[in-house]
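Take a look at the structure below.
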Amino acid sequence: MPSPVKWNDQRKWDFSIRLRKSDMHLIREHINMFTDLGKDWSAGPPSDYYRFTPMIYAVDLELEIFELNLYVNDHNIIDKPSIREENGRF
């Protein structure tokens, strides 16, 4: 990843993601995983002021012809996430 010439200068990382004809499945366990990951990253003592480096993450997400399946019901047991008929019941 690129680093600035100036010491502790702001860094900007650009990410460009393009997905075409994608089929995505989001289940309840994914939500729990991202929540736990955020808690892990933010845990611990604050960083030292002199070691802090400002970061900007710019994410450009482009979806074309996509299907997003949200299976986030707490009472729905997901055995086969790719089969819609198995996961539409409450």
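Points to keep in mind about this one:
- Ser42 fulfils the conditions (1) modelled with pLDDT of 85 or more; (2) farther than 23 Å from Arg11 by Cα; (3) polar (S, T, N, Q) except for a single criterion, (2).
- Residue pairs whose Cβ atoms lie under 9 Å apart, separated by 6 or more positions or on different chains, with the first residue in the stretch 23-43 and within 22 Å of Glu62 (Cα to Cα) and the second loosely packed, with under 12 Cβ neighbours inside 10 Å and among the polar types (S, T, N, Q), are Asp23/Ser82; His25/Ser82.
- The stretch 13-39, residues that are among the charged types (D, E, K, R) and modelled with pLDDT of 90 or more: Asp14, Arg18, Arg20, Lys21, Asp36, Lys39
The values are calculated or read from the model by the stated rules, or taken from the named source; none is laboratory data. Everything quoted here is computed from the prediction, not taken from an experiment. Methodologically, a virtual Cβ is constructed for each residue, glycine included, from the backbone with ideal geometry; neighbour enumeration extends over all protein chains shown.
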